[in-house]
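Reviewing the structure listed below.
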Amino acid sequence: MPPPDIKTLIDLLAYRAEVPAVTPAYAYLQESCTYQEMWQRINRFAAFLQSLDIQRGERVVMALPNGHDFFDAFYGVQRAGGIAVPIYPGFSPARILAMVQLSEARIVVLPSDTPPAQLAGFKAQADQRGLTLITVANAESFASGGDFPQIQPDDVAFIQYTSGSTGNPKGVQISHRNLLDNVRQMIVGMEITEADIFVSWLPVYHDMGLILKTMVPFYLATAVYLLPTSLRDIDLWLDTIQTHRATFTAAPDFAYRLVLRRITDPTAYDLSSLRVALNAAEPVRASTIQAFEAAFNLQNVMVAGYGLAEATVGVSMWKPSTPPKVDARGHVSVGRPFPHISVTILPDDQLVGDDQPVGVGEIGEIVIQSIANSRGYFNNPAATERLFWRDGAIRSGDLGYLDEDGYLYIVGRKKNIIIHAGHNVYPQEIEEVVNGVENVRYSAAVGIDRGGVEGEQVVIFAEVRGNEPTSGDSSPPTTDFENIVIDIVQAFNGRFGFRPARVYLVKPKTIPLTYNGKLQHQRLKAQFLEGRLDDNGRILFS
Amino acid sequence: MIIPLDDICNLVRLQLGIRQVNGADHMLENLGADSVDVVNIIATAEEKYQIEIDEAELTRLQTVSDLHQLIQQRITAANR
């Protein structure tokens, strides 16, 4: 543990560079980076930013993938007194420029290995707008010294843009204090020690990969092996766990399912070193936990977790080495909240100012009181006002409940709820049922109101397996499609006691996801209502 | 345009998730449809055949054949 006078991430990294640690800061693929090296590069980048006249609190947008560049820039900005704005490096130049505008930034950092032609094209666009486009390599000629400002605990360290299903993304402001508080909450709540060994391919430019998988290791000086975010080579993840006898990894449910689909011989891997395989950031399926542990001969290693950017990141996680708790509807408990976090469940139709929590076992909106809660969104007072309930507690927008033992269960997103004949139906529950139907690879449920007396109706979109467009002239397997639809309707009716209004079988990859794998219900609904699924030939059968 | 009874049986099959449907089947009594299912069947037919069916007419519908006749009438009327 670092000494108690560490109040910012910059203090932490300076301390780590000064007091030799047994482990390097991190390893990215085969190359490790010591704290001394990282600190030197951070300072060099900060000196470069000072030469560009960076101001205190100035936002600097960085579109950097997993790798060394990211850490230089992310902490270099903070060292120079600025606020880091990490964004998805796969965004188009237009989208990057939109994020620059949203965060009112002037400087944009691109990867050192950006192809020169691409860089030149982007530079021309940036110049027109009076922006400064740089790469991390541009800092190489600078010395690592400089007169840097004193960073305060309540200074904003970075802004995490939430991907938002429609409309403008919201920028969650995270201070140094928030980060260190949440890091400590996670260390206690997840029982992490110096002896843990982390492996992660999660994006370092997004909260879970950034805070849990890099800041926690930096805080404790534990080993961390980072990988590219691409899951094309999924063996690499398992290989790295095996080679380094890793104890802690994390991923959303889909990634574990992908492992099960792609790895034909799980016995070829020894993952027995794993203490925790955290499953978080999207709905956790009991079937995934069961299948993954069975395939790799593990027991009580995959644990469900819950968090959100507005509470910095981590809120709760199931206790490792304990059998999971799954309720009658198939929801896997995400455990009890971490220290200094309390969860309240409010009625989901509640009026502002109403403050009567619902009873044990009743579903409502999850409201979080935590020392690591963000102060709100950047430049968005209206959204910030809606975020806070009272006394700094935030409305998560997620629906869930607490059982009699205080364990939390996540049921879905508030805005995606479908109100069918006066009853709440949760898309996540529908999708769990539909995804279990043979030949369905992925599904989404949305509520559509056609304006009739019947009110909001459930419409299901199901991506089906094995129907990638072929060049051959084989006729489409209509009877198969019919059987899939009938199976879906039957499974749905068996579970919910009514039938969906319509089932659309769609091509793979039709259902929109955010770059970190979250289903975008509102976007899908808009695409459907505007006729764009039809126009683009995404619907195979209905 | 003449719509075969089979097409309507098929539409009902998919909507209700039932593998076997015949013209003589009574939607509410044999097939277990509820009134919302009937509304949804009509909505699908309206979209598929570009017709409009008045809600008041739904009360007359009993069997799949009734539905077939109603849809056929609307199509004929629309093309006149």
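Answer yes if at least one residue in region A:82-92 is more than 24 Å from A:Val216 (Cβ to Cβ), open to solvent by less than 60 Å² (accessible area, probe 1.4 Å), in a helix (DSSP H, G or I) and of a type outside the set (Gly, Ala, Ser), and no otherwise. Looking through region A:82-92, none of the residues is more than 24 Å from A:Val216 (Cβ to Cβ), open to solvent by less than 60 Å² (accessible area, probe 1.4 Å), in a helix (DSSP H, G or I) and of a type outside the set (Gly, Ala, Ser). Could you tell me whether region A:456-465 includes any residue that is of a type outside the set (Phe, Trp, Tyr), over 20 Å from B:Gln15 (Cα atoms) and open to solvent by less than 10 Å² (accessible area, probe 1.4 Å)? No, the conditions are met nowhere in region A:456-465. Taken over region B:18-51, the criterion of being within 14 Å of chain A (Cβ to nearest Cβ), more than 19 Å from A:Phe492 (Cβ to Cβ) and in contact with a helix residue (DSSP H, G or I) (Cβ under 6 Å, 6 or more places away or on another chain) is satisfied by B:Ala45, B:Tyr49.
Counting just the residues of region A:291-325 that are among the aromatic types (Phe, Trp, Tyr) and in a loop (DSSP other than H, G, I, E, B), which one comes out surrounded by the fewest Cβ atoms within 10 Å (Cβ to Cβ)?
If we filter region A:291-325 for residues that are among the aromatic types (Phe, Trp, Tyr), which is where we start, we get A:292, A:296, A:306, A:318.
Checking which are in a loop (DSSP other than H, G, I, E, B) leaves us with A:296, A:318.
Details: A:Phe296: 22, A:Trp318: 29.
Result: A:Phe296.
Within region A:300-325, the set of residues being of a type in the set (Val, Ile, Thr), touching a helix residue (DSSP H, G or I) at 6+ places or on another chain (Cβ under 7 Å) and closer than 22 Å to A:Gly397 by Cβ comprises A:Thr312, A:Val313. Looking across region A:20-33, just one residue is under 25 Å from A:Gln152 (Cα atoms) and free of Cβ contacts under 8 Å to residues at least 40 places away in the same chain, and that is A:Pro20.
Restricting to region A:409-422, name every residue that is among the hydrophobic types (A, V, I, L, M, F, W, C), surrounded by fewer than 22 Cβ atoms within 10 Å (Cβ to Cβ) and more than 14 Å from every other protein chain (Cβ to nearest Cβ). First the steps, then the outcome.
We begin by selecting, within region A:409-422, every residue among the hydrophobic types (A, V, I, L, M, F, W, C); these are A:410-411, A:417-419, A:421.
Keeping just the survivors that are surrounded by fewer than 22 Cβ atoms within 10 Å (Cβ to Cβ) gives A:417, A:419, A:421.
Once the filter is applied, which keeps residues that are among the hydrophobic types (A, V, I, L, M, F, W, C), surrounded by fewer than 22 Cβ atoms within 10 Å (Cβ to Cβ) and more than 14 Å from every other protein chain (Cβ to nearest Cβ), region A:409-422 yields only A:Ile417.
The residue list B:Val64, B:Val39, B:Val21 contains one member that is within 9 Å of the chain's Cα centre (by Cα) and closer than 21 Å to A:Arg499 by Cβ, which is B:Val64.
Screening the candidates A:Tyr219, A:Tyr225 for the property of being outside the structural domain of A:Ser103 (by TED's automatic domain parsing), in contact with a helix residue (DSSP H, G or I) (Cβ under 6 Å, 6 or more places away or on another chain), in a strand (DSSP E or B) and open to solvent by 10 Å² or more (accessible area, probe 1.4 Å) yields one hit, A:Tyr225. Taking first residues from region A:308-321 that are touching a residue at least 40 places away in the same chain (Cβ under 8 Å) and partners that are β-branched (Val, Ile, Thr) and in a loop (DSSP other than H, G, I, E, B), the Cβ contacts under 9 Å between residues at least 6 apart in sequence or on separate chains come to A:Pro320/A:Val301; A:Ser321/A:Val301. When A:Arg184 is tested against (1) assigned to a helix (DSSP H, G or I); (2) open to solvent by less than 60 Å² (accessible area, probe 1.4 Å), exactly one condition is not met: (2).
Within the set A:Glu191, A:Glu104, the sole residue that is part of a loop (DSSP other than H, G, I, E, B), closer than 24 Å to A:Arg375 by Cα and open to solvent by 60 Å² or more (accessible area, probe 1.4 Å) turns out to be A:Glu104.
What number of residues within region A:107-119 satisfy the criterion of being open to solvent by 60 Å² or more (accessible area, probe 1.4 Å) and part of a helix (DSSP H, G or I)? Walk me through how you get there before you give the answer.
Our first condition is that a residue be open to solvent by 60 Å² or more (accessible area, probe 1.4 Å); within region A:107-119, this holds for A:113, A:115-118.
Okay, now just the ones that are also part of a helix (DSSP H, G or I), so A:116-118.
Here the count works out to 3.
For region A:49-67, the set of residues classified as surrounded by fewer than 23 Cβ atoms within 10 Å (Cβ to Cβ) and assigned to a helix (DSSP H, G or I) consists of A:Gln50, A:Ser51, listed by residue number.
The single condition from (1) without any contact (Cβ under 8 Å) to a residue 60 or more places away in the chain; (2) closer than 25 Å to A:Arg257 by Cα; (3) more than 21 Å from the chain's Cα centre (by Cα) that A:Glu362 fails is (2). Every test in (1) open to solvent by 20 Å² or more (accessible area, probe 1.4 Å); (2) outside any helix (DSSP H, G or I); (3) out of contact with any Ser or Thr (no Cβ under 8 Å at 6 or more places or on another chain) is passed by A:Phe158 save one, and that test is (1).
Among the residues of region A:394-408 satisfying the criterion of being surrounded by fewer than 20 Cβ atoms within 10 Å (Cβ to Cβ) and of a type in the set (Gly, Ala, Ser), which is farthest from A:Glu365 (Cα to Cα)? Within region A:394-408, the match that is farthest from A:Glu365 (Cα to Cα) is A:Gly406.
Filtering region A:195-209 down to residues that are of a type in the set (Gly, Ala, Ser) and within 18 Å of A:Gly307 (Cα to Cα), which residue is farthest from the chain's Cα centre (by Cα)?
Looking at the filtered set, the residue picked out is A:Ser200.
Taking residues in region A:376-391 that are without any contact (Cβ under 8 Å) to a residue 60 or more places away in the chain, and partners anywhere that are polar (S, T, N, Q) and not in a loop (DSSP other than H, G, I, E, B), the pairs with Cβ atoms closer than 9 Å and at least 6 places apart or on different chains are A:Trp389/A:Thr344; A:Trp389/A:Gln369; A:Asp391/A:Gln369.
For region B:65-76, how many residues meet the condition of being under 15 Å from B:Asn22 (Cα atoms), in contact (Cβ under 8 Å) with a residue 60 or more places away in the chain and surrounded by fewer than 20 Cβ atoms within 10 Å (Cβ to Cβ)? Selection size over region B:65-76: 1.
For beta carbons closer than 6 Å, sequence separation of 6+ or different chains, a first residue in region A:215-241 that is touching a residue at least 12 places away in the same chain (Cβ under 8 Å) and over 25 Å from A:Thr267 (Cα atoms) and a second that is open to solvent by less than 10 Å² (accessible area, probe 1.4 Å) and β-branched (Val, Ile, Thr), the qualifying pairs are A:Met215/A:Val183; A:Val216/A:Val183; A:Pro217/A:Val224; A:Tyr219/A:Val183.
So in region B:43-64, with the set limited to residues that are in contact (Cβ under 8 Å) with a residue 24 or more places away in the chain and within 19 Å of B:His26 (Cα to Cα), which one is surrounded by the fewest Cβ atoms within 10 Å (Cβ to Cβ)? Per the stated criteria, the residue is B:Gln62. Within the option set A:Ala246, A:Ala277, A:Ala328, A:Ala281, being in contact with a helix residue (DSSP H, G or I) (Cβ under 8 Å, 6 or more places away or on another chain), assigned to a loop (DSSP other than H, G, I, E, B) and farther than 30 Å from A:Thr384 by Cβ holds for one residue only, A:Ala246. Scanning region A:1-19 for residues that are assigned to a loop (DSSP other than H, G, I, E, B) and touching a residue at least 12 places away in the same chain (Cβ under 8 Å) gives A:Met1, A:Pro2, A:Pro3, A:Ile6, A:Lys7, A:Thr8.
If you go through region A:497-511 and keep only what is in contact with a helix residue (DSSP H, G or I) (Cβ under 8 Å, 6 or more places away or on another chain), within 12 Å of chain B (Cβ to nearest Cβ) and farther than 14 Å from A:Asn435 by Cα, you end up with A:Phe498, A:Arg499, A:Pro500, A:Ala501, A:Arg502. For A:Met38, the criteria (1) open to solvent by less than 30 Å² (accessible area, probe 1.4 Å); (2) outside any helix (DSSP H, G or I) hold in every case but one, which is (2).
The values are calculated or read from the model by the stated rules, or taken from the named source; none is laboratory data. No experiment lies behind these values; they were computed from the predicted model shown. Methodologically, a virtual Cβ is constructed for each residue, glycine included, from the backbone with ideal geometry; neighbour enumeration extends over all protein chains shown. With ligands, DNA and RNA removed, areas are computed over all heavy atoms of the protein, side chains included. Shrake-Rupley method; radii C 1.70, N 1.55, O 1.52, S 1.80 Å.
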